[in-house]
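S.K.: Structure in structure tokens, see below.
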Amino acid sequence: MNAPEKFLHGFLKISVSGDQLERFLNLCHAREIPLEKICLQSEQNITAYISINDFRKLIPIHRKTRVRIHILKKRGLPFLLYKSRRRKCFLTGILLCAALLFWLSGHIWNIHIDGNVKNSTPQLLEFLDQQGIIHGISRNKVNCSQIATLLRQNYPDITFVSARVQGTRLLLTIQEEALTEDFPKSESPCDLVSDLDGKIVNMVIRNGIPMVKTGDICKQGDILVSGKVPILNDSQELVRTEYVPADADIYVRHQIAYYQEFSLSYEKKLTDGSPKTSWYLHAGNWILGADTSEKNRYFTSVEEFPWKITENFVLPLSFGKITRTPYKVQKAVYTKKQAENKAAAQFKRYEKQLLVREIQIVDSDISITIDGTSCITKGTLTVEEACGKKHFFYKS
């Protein structure tokens, strides 16, 4: 018997003593009366735990063995209710709590969605809400097969839906089509024309006839890959000309100018006092307790803690914390070291922007000049960049 069941049915701690103690134990074993946690106190005395129902079965054994049985402890729900029989409010509270738990167990309080990538969880929850599948819905109103059908019909990229109710949870397992990107490819014949001036450092031709090679210098407007493919016979005579869409990866090395300037003087914000914290209550569209007036010269940070019953069941109620730290503005001037560090940080950000555009810096000739009022960073960057744009033409 496990602990919850023992508490529910009630159990006793008893003391058994007498000359026929061994016979008493043998008779209990023969009649399948379980005694738990038997402890030998002396040669003629033991203690053990027994349930209320099994305790009643000891009456005929007690008559045969003439042992003395004493109840040492009474534990469990029946004894607790008996002691509380005059506490009407306590009993009423227990009954109301049991009724509330029974009612709550008949509703869905957590809708868990797993396996979705293309379709976000809030989007799917909003759709289910429109269909009447909301947190708090009765379990009897949940039709798992209907929910799966609705999701597949309204979301074509969902190929499989498994819906099941487990306790007070509605579990949805979704499988979507593989995330593939369809890049539109033009089939119209075209040439690949240079849109940069520089030196070709790398070429990968996929379609068409290359008009340049690695190491050549190209200029804007030069044909890099021709879409006119001559078809020759065995005598190397021109039979006809095929027109194809030229396609290639061509990288050109060229130079670009770099220039950045900023003032050495700036306004520095320094904390001026200890931070102050205030709390507010956010209920629906109402905010209570928050000082929303404009605060000048304060560092302000806001944290909000929503109340959640389950992972996807968020109540329209939350507490928030506002921390305001006063500051003062002080005029300052960058030192030479600080100015150089800021200029280097600006160059790093610019380099990241080039990498996003798939432009790689291979060499740089940058100088930093600091005069009395400003810091100027300028120079030339040698970069490698993808080159080539399509120039369409039509067969004559």
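The values are calculated or read from the model by the stated rules, or taken from the named source; none is laboratory data. This structure is a prediction, so every number in the text was calculated from the model and none was measured. We place every Cβ from the backbone using ideal geometry, glycine too, and count neighbours over all the protein chains shown. Areas reflect the complete protein model, heavy atoms only, side chains present, ligands, DNA and RNA absent. Shrake-Rupley method; radii C 1.70, N 1.55, O 1.52, S 1.80 Å.
S.K.: If I filter region 107-126 down to residues being among the aliphatic types (A, V, I, L, M) and part of a helix (DSSP H, G or I), which single residue comes out as surrounded by the fewest Cβ atoms within 10 Å (Cβ to Cβ)?
M.R.: Filtering first and then ranking leaves LEU125.
S.K.: Of the numbered conditions (1) open to solvent by less than 30 Å² (accessible area, probe 1.4 Å); (2) of a type in the set (Gly, Ala, Ser); (3) at pLDDT 90 or above, GLY136 satisfies every one except a single condition; which is it?
M.R.: (3)
S.K.: Please indicate, with yes or no, whether at least one residue in region 165-176 is open to solvent by 20 Å² or more (accessible area, probe 1.4 Å), among the basic types (Lys, Arg), modelled with pLDDT of 90 or more and assigned to a strand (DSSP E or B).
M.R.: Checking region 165-176: not a single residue is open to solvent by 20 Å² or more (accessible area, probe 1.4 Å), among the basic types (Lys, Arg), modelled with pLDDT of 90 or more and assigned to a strand (DSSP E or B).
S.K.: Sticking with this structure for a sec: What number of residues in region 229-276 are surrounded by 11 or more Cβ atoms within 10 Å (Cβ to Cβ), assigned to a strand (DSSP E or B) and aliphatic (A, V, I, L, M)?
M.R.: Selection size over region 229-276: 5.
S.K.: When you check LEU151 against the structure, is it assigned to a strand (DSSP E or B), out of contact with any Leu (no Cβ under 6 Å at 6 or more places or on another chain), surrounded by 12 or more Cβ atoms within 10 Å (Cβ to Cβ) and among the aliphatic types (A, V, I, L, M), yes or no?
M.R.: no
S.K.: Considering only residues that are surrounded by fewer than 10 Cβ atoms within 10 Å (Cβ to Cβ) and of a type in the set (S, T, N, Q), look in region 356-376 and name the one that is nearest to ILE256 (Cα to Cα).
M.R.: SER367
S.K.: Regarding LEU80, is this residue open to solvent by 40 Å² or more (accessible area, probe 1.4 Å), in contact with a Leu (Cβ under 7 Å, 6 or more places away or on another chain) and either outside any loop (DSSP other than H, G, I, E, B) or closer than 30 Å to GLY167 by Cα (or both)? Talk me through it step by step, then tell me what you get.
M.R.: On the way: open to solvent by 40 Å² or more (accessible area, probe 1.4 Å): yes; in contact with a Leu (Cβ under 7 Å, 6 or more places away or on another chain): no; either outside any loop (DSSP other than H, G, I, E, B) or closer than 30 Å to GLY167 by Cα (or both): yes.
It is false that LEU80 is open to solvent by 40 Å² or more (accessible area, probe 1.4 Å), in contact with a Leu (Cβ under 7 Å, 6 or more places away or on another chain) and either outside any loop (DSSP other than H, G, I, E, B) or closer than 30 Å to GLY167 by Cα (or both).
S.K.: Within region 6-14, can one find any residue that is open to solvent by 80 Å² or more (accessible area, probe 1.4 Å) and of a type in the set (Lys, Arg)?
M.R.: Let us first name the residues in region 6-14 that are open to solvent by 80 Å² or more (accessible area, probe 1.4 Å), namely 7-9.
When the remaining residues are screened for being of a type in the set (Lys, Arg), the result is none.
So far as region 6-14 goes, no, none of its residues is open to solvent by 80 Å² or more (accessible area, probe 1.4 Å) and of a type in the set (Lys, Arg).
S.K.: Check whether at least one residue in region 84-106 is of a type outside the set (Gly, Ala, Ser), open to solvent by less than 40 Å² (accessible area, probe 1.4 Å) and in contact (Cβ under 8 Å) with a residue 40 or more places away in the chain, and report yes or no.
M.R.: Applying the first criterion (of a type outside the set (Gly, Ala, Ser)) to region 84-106 yields 85-92, 94-97, 100-104.
Add one more test, that the residue is open to solvent by less than 40 Å² (accessible area, probe 1.4 Å), and what stays is none.
No: region 84-106 contains no residue that is of a type outside the set (Gly, Ala, Ser), open to solvent by less than 40 Å² (accessible area, probe 1.4 Å) and in contact (Cβ under 8 Å) with a residue 40 or more places away in the chain.
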